[in-house]
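Accompanying notes for the structure given below.
The values are calculated or read from the model by the stated rules, or taken from the named source; none is laboratory data. Just so it is clear, the model here is predicted, and its values are computed rather than measured. Heads up, the Cβs are rebuilt from the backbone with ideal geometry, glycines too, and the neighbour counts pull from every protein chain shown. All accessible areas refer to the heavy atoms of the entire protein, side chains included, with ligands and DNA or RNA removed. Shrake-Rupley method; radii C 1.70, N 1.55, O 1.52, S 1.80 Å.
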Amino acid sequence: ESILNEPEDEDEPFILEDTCILNTENIDAHSCETSSLASSDSGDLHGSVLRRNVLKGISAQMVSAAVRPIILHLLLTVSNVIAVGTSHGLALVFDQNQALRLCLGTTVTGAEYGAVSALSINHDCTRLLCGFAKGQITMWDLANGKLLRTMTDAHPPGTAILHVKFTDHPALAVCNDSGGSVFELSFRRVMGMRTCESRCLFSGSKGEVYCVEPLHAGPELKDHPITHYSLLAMASLTKILLIGLKPSLKVWMTFPYGKTDPASVPLLAWQFVAAQKTINPVLAFCRGNTIHFLLVKKDESGTIHVIKQRQLQLNCDFISLSWINPRTLVLMDSTEKLRVVDRPSQEELETVDMAELQLVYNSSHFKSLATGGNVSQALALVGEKTCYQSVCSYAGQIMYLGTKSVHIMTLRNWRERVDHLLKQEKFMEALSLSWSFHEGTAKAVLSLFADPAKRKGVVAEKMVEILLQYVDRSLKKCPEQGKIQVMEQHFQDMVPIMVDYCLLLQRTDLLFNQIYPRLVENSVARGVFLESLEPYILSERIGCLTAPVMRDLLSYFQENGMMDSVEGCLVHMDITNLDIQQVVQMCWDNQLYDAMIYVFNSGMNDYISPMEKLFQAIGPPLREGKPLTDEHVVMGNKLLVYISCCLAGRAYPLGDIPEDLVPQVKNQVFEFLIRLHSVEAAQEEEVYPYIRTLLHFDTREFLNVLALTFEDFKNDKQALEYQQRIVDILLKVMVDNSDFTPSQVGCLFTFLVLEFLCSPDDDSRHTERQQVLLELLQVGGVVQFDEGHLLDLAEKAEFYQICEFMYDRKHLYDKIVDCYLKDPLRKEELFNYIHNILSMPGYSSEEKQLVWVKALQHIKVSQKRLHMLCPLEHTPGREKITEKHKLHEATAYLLEKKGDVQGAFEVLLQEEETGDEVPSLLQRVEEALHDIIALCQRSSHGLNQQQREALWFPLLEAMMSPQKLLKGDPVYGKGKLAEIQGLILGMLETFNYEQTLLETTTNLLNSDLHWSLSHLRKAVSRGLHPRQDHCNICLQQYKRRQESEEEIIIFSCGHLYHCQCLQRKEVGVLSERQYSWSCYKCTSNQGSRPMLTEATLDAQQTQAWDHFRTLYRGPSKLAVLTELTHSHGSERAGLSNPVHPGTGSIYHSENFQLKLSPPPLVEE
């Protein structure tokens, strides 16, 4: 279990603290809670972070000593023991149980040396250094109380010892005197003699040092690479100095404060902090109200880095600075208030007033009263508020020395902080603090698991305990008498908190099985609880209730007439654990149609029964021609929406139908709509009652539903069949039927026309279909159809003239600009349209402004549109217009058209060299480079050699200019590219030659391959003529009988065989499901029969190939290329030493070609 569990951030994750050296369990009887002090309001947010204990044993010794006029003031240091210095030169040493172990020194030496002004214990608690007000330093053995050394000449006489500090090196210490000087003390033992050598580290004549702090590392960090340098921080009035004492004295960094109050006290504190998976020391220092942080680390190369980190600023003047863990600082301001600050978030966690402590100040030593007060005014001014020796921190504990007591401050563990709030009956604050522990967002956390799963488990158990206590308290504190509104308000303040935290913990079992049964005992609490569930259900934070709670919820809402709430809750919950029939009947009786549909769908996967019930309600009045009531209209509208949702795969009233049920639901709904008769049909019922009912209810909306459905099912074969079936039924039902008005029949035909004309999958007769629909719109034939849906259909079918007509009626002229841009047939007319809108009367200024803005958004400078905007022969000074608006591409285009290629080149090159925004700079450079290269390529054909060089070389110079910034580049470091002009031209000449050679070689090889394959194909595909009309094995004619279908084989040599004869002679080899044959007579004449092996060519093909080779006796193409290469070897060798262009090289010509041709073909 970790002592700390703070969430790691990028800069400063936490490390584990040392264990406390004092057993606070033994001190609790003498402790006082910080809540008894004046704490700020932030304590409610973070709880009480600090626990304060009074060390009664040590305090009693101080009080008893104060009876005798011995102690005037005290100094304190702590390690495994506690040492207290007195004004009479005595040092009292206490153990962990506050028992007095040693009394070091005598009153005689105290009268000689003065009061103890500084104390320090080494890391293994074997030595104690005492500094005195008159400048002496003594060393004591803590094992036996023996005086080991007395140092009187370690620093200049007449100055008091302000600080004496052991370093981690066992024989090294530092001291700071009232003269502002700092000295290094080296202890040695030679020939049994104990000596001390002093070396001045900083002279007070160069600026007085007020505070020193060596870096101390715990046993677990003794091998840290930084500890070997024995770092020492020193604070003067103007700056911080960071030096290393080992292996040799070295100043690592100086850091100035800036302007501060002269009376402010310089403060220093070291702490090892984990950052970026490494642990490194951090120095916190301040003077005034700003705390600075310096991180010291050693990189892989061994270099030491001192890095300044984010500073912390508070509105107070500090006199004490201490780390209590790697993320938390405890500061005391000049009003003696402790402030606990979280360093990563810079948030103040708690404020504690320590005025009753009566803190001991060290002013007399800083004024050096014992030596006559020979100190500077600046030092004396700072000394008014110094308490360096009265505050000491060690292993997560901070001790404060008062005139009559010693107080120790430690962090409370997370349980203590929560319990502290519970003792004050602050349940809401306790739950909030516990949840911050649960989520890992709390500050100054102690004794909590680092593993998130374990942490959440432990904290969740504690929160469950708090919640149950909170429930009991809410019931006990409920007023038993008085107005019902007061009782309701009491529970309304508490019940939502219980529900919130149960849901946060994902413990609905706790909410419904433990908390709710306790609240049921109070009828008011029960009602408030059930009502409070509604917002959580509607927001879907609660999706499932237990059966008893569900029954109580429905009964409560029904009893109190809250049926709208019932419907809202039902459609958001899992209702599988309810009595479905009872719920359906309740919904039907109370006209909760949404809830009824949801119950059928979710509870029974039944999507047809809700339709049947709704049709049974609205069907009879429609068939009888009676007017519909408001209830019937609501039912009909819900029915249309429900059908639309089912056919679109959406659940009603919200959500989606499960994917595996979507095809089934669609088919069921279609089958239901096209039923010939209803389930309980009467004899006089007309066919297709459901479609008739919907048509009579609202023809237009029903057809709109079908249109949306058909649009979504274009690729569904089954749906297309249903679509055709429904269209047939619509025609059969409505046409020539007096029950439907002409307007309704017109809606039908409009629906059919639009479905055909606006089909985006039909590319045939696109213009004609668009024109027909446009004429329908112009004569008002589509008035009944939904305009929004019609506009969507037109956009999908790319009927931009239809879109223009619709936008024109709505005065949306800016959207017509998009129609022109998307229509390839009318794109050229866009500027005429814009001109008409902007120049002709009849349009408002707002409409013109919208069209102007839309046009500017879509204008893209290109050659074609630039011709339209400013024709060359009619627009003088057009370059000035483009330059004024910084249209560089347009300016370059116009200059190029005028013939000023060099000017166009300079414009584009200037744009390529400038860039405003770094992220888009590379993209802009690349685009500009393509434009410049294209310009140079277009213009090079009409320019001479010198003009071409004036284009290409500045471009190369501009592109290679970043290379000149690289140090040590021998090629591009100095000079211009013109100096290596020969090298570049030689490279281009070599490229031109090799490109031409490669193209010619490829053409030759392709020609040879084509010629060879064509002749081979002719040879192997020509017919074969047998020499004899009989088999060369059996000597019988190949056609023995008229009816025989015996197979024969003819070889290219002219010999003929029966297939059976060859098989008997075994001259065929089966390979890959077919035989490979060879001529028996030819192989017999050649001697012994060879072994047949699998080959890529059979015997016939081989003979044809031999014949082909005899035909072709021309020179080899490879030989031609080899000779050509040797003939130009001398010229190519010259490329390594390029000459000046214009020497007449045949390869330098851009139109150079190899004069090679294949040998003539040999005719057969």
Shape box of the stretch 481-544 [Cα atoms, principal axes, largest first, Å]: 36, 22, 16
Distant-in-sequence amide H partners of V265 (H built 1.01 Å from N, under 5 Å): G288
Nearest-10 value in Å² for the accessible area of D299, using the 1.4 Å probe: 60
FRET efficiency, Q937 to R650 (Cβ-Cβ, R0 56 Å, nearest 0.05): 0.45
W252 long-range amide H proximity, modeled H, under 5 Å: L242, I243, G244
Under Karplus coefficients 6.51, -1.76 and 1.60, residue-wise ³J(HN,Hα) of the stretch 304-321 in Hz, glycine/proline x: 8, 10, 10, 10, 7, 10, 4, 8, 10, 10, 10, 8, 6, 9, 9, 10, 8, 9
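Write down the accessible area per residue of the stretch 224-316 in Å², having rolled a 1.4 Å probe over the full set of protein chains.
44
Please sort by residue number the trypsin sites (Lys or Arg not before Pro) in the stretch 260-350 whose DSSP state is loop and whose Cβ has at most 10 other Cβ atoms within 10 Å.
K277
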Potential lengthening between N1003 and D792 on full extension [0.36 nm per residue; Cα-Cα distance subtracted]: 70.4 nm
Kirkwood Rh, angstrom, the stretch 562-686 [1 / mean 1/r, Cα pairs]: 15.4
The stretch 521-672, accessible area per residue, ligands and nucleic acids excluded (1.4 Å, Å²): 45
For the stretch 409-501, accessible area per residue (1.4 Å probe, heavy atoms of protein chains only), Å²: 45
Under-5 Å amide H pairs with S320, H placed in peptide plane, nonlocal only: M332
Karplus (6.51, -1.76, 1.60) ³J(HN,Hα), θ = phi - 60°, over the stretch 445-452, in Hz, Gly and Pro reported as x: 8, 9, 6, 10, 4, 7, 5, x
Computed over the stretch 74-135, Kirkwood Rh from alpha-carbon pairs, angstrom: 11.5
Residue-span extension gain [N513 to D472] - 0.36 nm each, minus C-alpha spacing: 13.3 nm
Qualifying GluC sites (Glu not before Pro) in the stretch 540-589, DSSP loop, other Cβ atoms within 10 Å at most 13: E540
Nearest-0.05 FRET efficiency for T254 and S64, computed from C-beta distance (R0 41 Å): 0.30
Distance between modelled label sites at L988 and Q1036, nm, 7 Å Cα→Cβ extension: 8.4
Share of carbon and sulfur in the accessible heavy-atom surface of the stretch 202-262 [1.4 Å probe, %]: 56
Gyration tensor (Cα) of the stretch 340-441, equivalent ellipsoid semi-axes in angstrom: 40, 15, 11
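Can you compute the equivalent ellipsoid semi-axes for the stretch 183-275, i.e. the square root of 5 times each eigenvalue of the Cα gyration tensor, sorted largest first and rounded to whole Å? Let's see the in-between values first.
Numbers: eigenvalues 140, 82, 25 Å².
Each semi-axis is √(5λ); the values are 26, 20, 11 Å.
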Distance between modelled label sites at S609 and Q489, nm, 7 Å Cα→Cβ extension: 4.7
Projected label distance in nm at E220 and L538, using a 7 Å step from Cα toward the beta-carbon: 5.3
Cα pair distances in the stretch 262-405, grouped into 5 Å bins until the bin that holds the longest one, percent each: 2, 9, 17, 20, 18, 14, 10, 6, 3, 1, 0
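How high is the FRET efficiency from Q582 to R623, r the C-beta distance, R0 22 Å, rounded to 0.05?
0.10
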For the stretch 552-595: rounded, prolate or oblate by the Cα gyration tensor [a/c cutoff 1.5]: rounded
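Expected output is a single nm value to one decimal: the length gained when fully extending between Q857 and D564, i.e. 0.36 nm times separation in residues minus the C-alpha distance. What is it? Please list the in-between numbers first.
Working: separation 293, 0.36 × 293 = 105.48 nm, distance 4.98 nm.
Between Q857 and D564, full extension yields 100.5 nm more.
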